[in-house]
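Notes follow once the structure below has been shown.
FYI, it's all coordinate maths here, none of it is from the lab. Please read these numbers as outputs of a predicted model, since none were measured by experiment. Ideal geometry is used to build each Cβ from the backbone, glycine not excepted, and the neighbour counts take in all protein chains shown.
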Amino acid sequence: MQRIALWLDRLTNSQTLILGGSAVLIGLASGAGIWLFKWLIDFVQGFMFTDLYGSVSQWGVWLIVLVPILGGLVVGLINQYILGEEKVHGTAGIMESVALAGGRLHYQNTPLKSAAAVVSIGTGASVGPEDPSVQIGASLGSLLGQLLHVSDDRVRTLVAAGAASAIAAAFNAPIAGVFFALEIILGEIGSGSLGIILVAAVTSSVFTQAVSGSSPAFQVPQYAFHSAWELPLYLALGLLAGPISALYVRLLYIIQDFYKRLNSPRWVKTVGAGAVVGITGLFLPQVFGVGYETIGEILNKNDITLWLLLALLLAKLILTPISIGGGFHGGVFAPSLFIGATLGGGFGIIAMYLFPGLNVSPPAFALVGMAAVLAGSVHAPLTAVILLFEMTNDYRIILPLMFAVAVSLLISQRIQKDSVYALGLARHGIRLDRGRDVEVMQAITVGEAMQLDMSTLPESATLNEAAEILMQTRHHGLPVVNEKGLLVGVLTVEDIEHAKGKTYVGEACTREIETAYPDETLNKVVRRMSRRDVGRLPVVARDNPQKLVGVLRRTDVIRSYDIALTRRTAQRHREQTVHLDALTPTRVDVSNVAIEENAPCIGKRMSEIPFPRESVIASVRRGQQVFVPRGNTELRAGDILVVVAVGEALEGVQHLCSRPEDIL
């Protein structure tokens, strides 16, 4: 036993070292990749708008319209003839992969997608660089995880580490990168992956600062919070930012749907979107590209007129959905910052004229507006607050910043409950809660997931006795029952801590509690648990709300989530088998063949296995994945193959997938 324990300790330590080294490698690779990505954007932008346009501008200023049109033609041809159609793309696609596919991304297309993003942003499309940056970092993490053959949880961690590294490099903001990975990619802040993500983000940021300098993304003027009378103004800004954020999210998908309904080649759509951007840029050149220079001017100058700010806000609000819907590659982060800066700057100008005695600073409102619109769009308030803090290195504005962000988020969620990423997933039937797809749990009932063997507390017990039971059972809270065994409430550790002057459980327990029924589906109950922020729910009989039949804890939900994913994968696998069987002639067999332990095909690539010529391996089911095998796909014990075979060829496949003793 001691030898086994020592072996396990060594294995754990080696895995920790491997993951730590992987985090450093991902941070360095992501930092270098993002640096190259940004350099290429600057190069293309300089060539198109300075060299190329400068050489023909004497023929007419209107020729600048051709720059985004040319970019749209190049990107559109790449989309149509090379990349093809993606169901869920960008950061939403990474979230889907982390939740449903163990973080295994199709990283092969990332270089070409990045090139398309370089052309898109470099030729003036109204998109941001952060979404392609996150794809670069996440793809590097997924690639390394798959090369190391680590578990799905480890691959997810490395994908999140890559995403954090990308944000750290793109915005020179390592802490915001960590929170981005936790809030958006993994969907939970209390993640055990925090250490790996921190190492990767810090490494990426160190590399970026070494090659590009440590100065913040924006230089902001001196700011001072003069009086509490300014807070109502920031409240009003948050109330404006919330609806603007919700409108921004909805426009993104309304215009995407419009483009999908157009019966024309994809490159024509992208050229059309480029024409709209070019014509608008002829009058408002600030809308071209990322717009960081314009944001810097808003934050450092007071000579930008109110009408110009409002025109830029409206233009960016429309052009970004047109650019993304038309097929340009890019993100929504930078445009939301641009929209927030113009909204806040315009609001600050109005407040300065209405309340001259408050010494209002419009740039300060522009800065707060950036965070408020970003938080309202992506529903990641901590990421928004910390990102703006790191991008400016100015702590003095943190209080009004947090205030406006909270208000904007609440209003935006009330109008549009899904973030810009969550809405893209929801439109394809995927709803994530804490990084997991709750829709897959609609086939699992509470009765299947709950724990029947449960501990309870009698309401007549003392609080000291209850504390001892909670320590022994290692539970944060337990149901409370009366002398008849009927449920009367729940006692938690917090209840004991706040039970001043109370002696018995019945006096301190919470009696107004949320419960669940055994026949309810888990997806409904998970949403209730998230809404109330509780880690457990008593399960009661539907005909008697006081009859306790079980307890549903968060760990039970996670376990059931894995079961639900396996069920859905198995169902899809069966559907595929039936579909193939229906399409093939009667003399062709379509069967499932499981690979047994020590089978001859284990550890070999598909191209190395002598499958019968009259057989085809249509797909492989591996745990919660179903994929089409390629020549370099290695088979493992437990894989289930969908085999299309003629005559006796099926027996040949079965021999290759069986134990040697079974073959004999």
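Amide H contacts under 5 Å for Leu548: Leu487, restricted to partners 5 or more places along the chain or on a different chain, H placed in the peptide plane at 1.01 Å from N. Once backbone amide H atoms are built at 1.01 Å from N, Ala599 has no partners under 5 Å, excluding neighbours fewer than 5 places away on the same chain. The distance between label points at Arg474 and Leu17 comes to 2.9 nm (points 7 Å beyond Cα on the Cα→Cβ vector). Pairs exceeding a 28 Å alpha-carbon distance, out of Lys113/Lys301; Lys260/Lys524; Lys260/Lys316; Lys484/Lys524: Lys113/Lys301; Lys260/Lys524; Lys484/Lys524.
Residue-wise HN-Hα couplings along segment 413-418, as the Karplus relation 6.51 cos²θ - 1.76 cosθ + 1.60 with θ = phi - 60° gives them from phi, are 5, 5, 7, 9, 5, 9 Hz; Gly and Pro carry x. Based on every Cα atom in segment 584-663, Rg and the maximum pairwise Cα distance Dmax equal 11.8, 34 Å. Counting 0.36 nm for each residue step from His106 to Ala210 and taking away their Cα separation leaves a gain of 34.4 nm.
Taking each residue as 0.36 nm, the span from Ala467 to Asn482 lengthens on full extension beyond its C-alpha to C-alpha distance by 3.6 nm. In this simple spin-label model, placing a label point 7 Å from the Cα along the Cα-to-Cβ direction at both Ala541 and Met352 gives a separation of 7.1 nm. Subtracting the Cα-Cα distance of Trp59 and Leu399 from their residue separation scaled by 0.36 nm leaves 117.2 nm. Coupling constants for segment 58-72 follow from the phi torsions by the Karplus curve (6.51 cos²θ - 1.76 cosθ + 1.60, θ = phi - 60°), and in residue order they are 5, 7, x, 5, 5, 5, 5, 4, 6, 5, x, 5, 4, x, x Hz; glycine and proline get x. Working ranking of peptides 405-415, 352-362, 124-134 by packing, defined as the average number of other Cβ atoms within 10 Å per residue, highest first, is 124-134, 405-415, 352-362.
Given the C-alpha atoms of segment 288-435, compute the convex hull and give its volume per residue in Å³. Measuring per residue, one finds 127 Å³ for the Cα hull of segment 288-435.
Classify the chain as rounded, prolate or oblate from the Cα gyration tensor: take a ≥ b ≥ c as the square roots of its eigenvalues, call it rounded if a/c is under 1.5, otherwise prolate when a/b beats b/c and oblate if not.
Details: a/c = 1.98, a/b = 1.17, b/c = 1.69.
Because a/c hits 1.5 or more and a/b fails to exceed b/c, the chain counts as oblate.
Classify segment 26-132 as rounded, prolate or oblate, taking a ≥ b ≥ c as the square roots of the eigenvalues of its Cα gyration tensor: rounded when a/c is under 1.5, otherwise prolate if a/b is larger than b/c and oblate if not. Show your work: numbers first, answer last.
Details: a/c = 3.11, a/b = 1.90, b/c = 1.64.
In terms of gyration-tensor shape, prolate.
Taken as Cα centroids, segment 482-525 and segment 295-309 sit 55 Å apart, rounded to the nearest whole angstrom. Modelled spin labels at Asp51 and Leu262, positioned 7 Å past Cα toward Cβ, are 3.0 nm from each other.
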